[in-house]
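Everything on this sheet refers to the single structure shown next.
What follows draws every value from the coordinates through simple rules; no lab data is involved. None of the values given here were measured: they were computed from a predicted structure. Positions of Cβ are backbone-derived with ideal geometry, glycine not excepted, and every protein chain shown enters the neighbour counts.
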Amino acid sequence: MKLTSKAQALAAGEFGPARQWAIEHQQQIGRMFDAADMVEVSQAHMMADPESIGLAGVELVEGFAALPEAERRVVVPMITDPRGVDLNYYDPLGQTEAMADLERRFIFACRAMGIVMTNTCINYQTVMPPVRGEHVAYGDTGVVIYSNSFCGARSNFEGGPSALAAGLTGLTPRYGLHLDENRVATKRFVVEKQPEELTEWGVLGAVIGKRAGSYWEVPVVEGIERVPTSDEAKHMGAAMASYGSTPLFHIVGVTPECDSLADVEGGDLPVESITGRELAELRGSFGAVGEKVDVVVFAAPQLSLVEMQSVAALCRGRTKHKDTSMLVCTPASVYVDAEAAGYIEDIENFGARVLQGTCFYQQYAREIGEANGWIRLLSNSTKIVNILGGYGYKPALASMTECVDSAVAGKIV
Amino acid sequence: MMSRVLKCHVGIGSKVEGVALVADDNFSARYDLDRLSGVFSRPQHALAGESYVDKILVLNTAKGGVATAWMLYEMVSRGMAPKALLLNSANTILAQGAALAELPLCDRFEDGDVTGLINTGDQLIVDPEIGQVSLMNG
């Protein structure tokens, strides 16, 4: 891979061992994916919950953080994905002091490196959305698919270590979605039934993701009659990335790189229909009407201010069932605005808890489920019900309204 | 000793020798593994109940989200990791995780489906730097 003289100096260790580690990491990835050179990135976003990084990962980052300031600080704006522990509320969830300590150590190390602890998987709604053509190094599959598809930015899935490397070098290997030729459509879908509310957009994304089936496929979607809102687009993308490892898709006439099918070279692709029946089947596989519900979860992705407003309106003046818990996950920046607007009060008077800067499935979901006896989980997130089956839960899917109604009834309505 | 050589794309990590554990299934450290005990834990996985520790895992593709990028490093730090990973098609996350963990990884085999080319129990030498896997069955 061709390196600039600056990158060669990084590799030679002239800017310290952290940046040397970073560029060597990137050279390995670049070689595996045939990158010709590196591309400069303007932002990095790191997924790093303590359940994933473990003690070894925390110690690695602490090692970088202990270097002199000039050697440890990231060189582009760098932010973080949700935390695994809300340090204001973990003991009641059954999370341990050891989990919280690992989190505290990691936060301390990140801050020393100049990383901003935004703790959000909706940075494209809350921090600084990338613009078309901007090369970025984002983690969290939901962030990447939204930024590529709806913003027209350019990012591969950058796992935590690679996002960290990009923050330290300001570069990433030029492969995958940084290249024009990998952004053209490879599969063509026509939607026969229009999605209406958030969960239906999520289910549509899930079906397309399942059919696309690999990181290297790019779906183009026709037949969408209404421009989705940012939250609808968020649920569609997050579910597609979860079910298909899909990092980019196009909607004809909606997403910025696809005014027409020809823009993404999709005209000659065979047409695959997405029928109402297929959508109903996927949704039906997460149906459990009438069953007792242990916990209702709004998360994955974290809630925007508009979603917080909607949940609050559904909760206002009502009380949840005593045997059903309800959790709502949102970034701290949204929490502040939601508090000022009175939404937190509405939700907590209902008996639910709003967690700041976490996302349910990234916060030791197995352990907190066991500690609280939660098995039957209900959510409006098509992504989270896909993930949590592997964590000992029996997940069910319903609209936001049905979720809150179920929390009141204590059973799935 | 007879050997058969499989060519693949240049991969991640250094040359390693070990015994294969093969299945026509996919891989995610978050969804499929009990990382403490070192076994496949998801009941639906083709290798459910099998120990992967020190095995050369041969599987189809990567799945799931970004967590595997950190998890492989954590598994290696405790000595509870596979010895290498061979796949038909890796994704970016698995490559990044293998690089951090210094865990050998190869994919894109010239002779087709790698889960059909290698059998469980085969003795292998994996050389990611030149993109080559040798089967050392006597």
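Values for this structure:
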quantity	calculated
With 10 Å bins from 0: P(r) over the range A:138-187, alpha-carbon pairs, percent	26, 55, 18, 1
Angle in degrees between helix B:92-101 and the longest Cα principal axis of chain B, rounded to the nearest 10	90
Two-site FRET efficiency, A:Asp337 against A:Ser5, from Cβ-Cβ distance with R₀ of 56 Å, rounded to 0.05	0.75
Average beta carbon contacts from partner chains per residue of A:213-219, 10 Å cutoff	3
Reference-scaled alpha-carbon Rg (2.2 N^0.38 Å with N residues) for the range B:25-105	0.94
Check: chain A dipole with +1 on Lys, Arg Cβ and -1 on Asp, Glu Cβ, in debye	340
Most to least packed among B:55-61, A:162-168, B:94-100 [average Cβ atoms within 10 Å]	A:162-168, B:94-100, B:55-61
Residue-count net charge about B:Pro104 - beta-carbon cut-off 11 Å; Lys, Arg +1, Asp, Glu -1	-2
Ellipticity estimate at 222 nm from DSSP helix runs (n ≥ 4, -39,500 (n - 2.57)) divided over chain A, nearest 500	-12500 deg cm²/dmol
Furthest towards positive pole of dipole, B:Met71, B:Leu135, B:Val5, structure part the range B:4-135, Cβ charges	B:Met71
Across A:Lys320/B:Lys63; A:Lys187/A:Lys292; A:Lys210/A:Lys394; A:Lys6/A:Lys234, pairs whose alpha-carbon gap is larger than 29 Å	A:Lys320/B:Lys63; A:Lys187/A:Lys292; A:Lys6/A:Lys234
Computed E for A:Ala12/A:Ser214 - FRET, C-beta separation, R0 45 angstrom, nearest 0.05	0.75
For chain A, built as a Gaussian network whose Cα springs stay under 10 Å, the top-fluctuating residue of A:Arg111, A:Arg174, A:Arg283	A:Arg111
Simple Cβ-charge dipole of chain B, Lys/Arg +1 and Asp/Glu -1, about Cα centre, in debye nearest 20	220
Potential extension, B:Ser77-B:Asp34 segment - 0.36 nm per residue separation minus Cα distance	13.9 nm
Enclosed volume per residue, in Å³, of the convex hull spanned by Cα atoms of the range A:42-189	126
Tensor-based shape of the range A:249-304 (alpha-carbon gyration tensor, a/c under 1.5 rounded, otherwise prolate or oblate)	oblate
Projected label distance in nm at A:Glu370 and B:Glu50, using a 7 Å step from Cα toward the beta-carbon	2.6
Centre separation in Å (Cα based) which lies between the range A:85-103 and the range A:182-250	35
Order by protection proxy (mean Cβ within 10 Å, highest first), peptides A:294-302, B:103-111	A:294-302, B:103-111
Net charge dipole size for the range A:189-267 [Lys, Arg +1 and Asp, Glu -1 on Cβ; Debye, nearest 20]	300
Å³ per residue enclosed by the Cα convex hull of chain B	89
A:Lys292 versus A:Ser260: modelled label distance in nm, points set 7 Å from Cα along the beta carbon direction	6.0
Residues A:Phe108 and A:Ser230, FRET efficiency given R0 of 30 Å [Cβ-Cβ distance, rounded to 0.05]	0.35
Dmax and Rg, reported as Rg then Dmax, of chain A (C-alpha, Å)	21.4, 65
Residue-averaged beta-carbon neighbours from other chains (10 angstrom radius) around A:157-167	6
Average other protein chain Cβ within 10 Å of Cβ, residues B:57-64	3
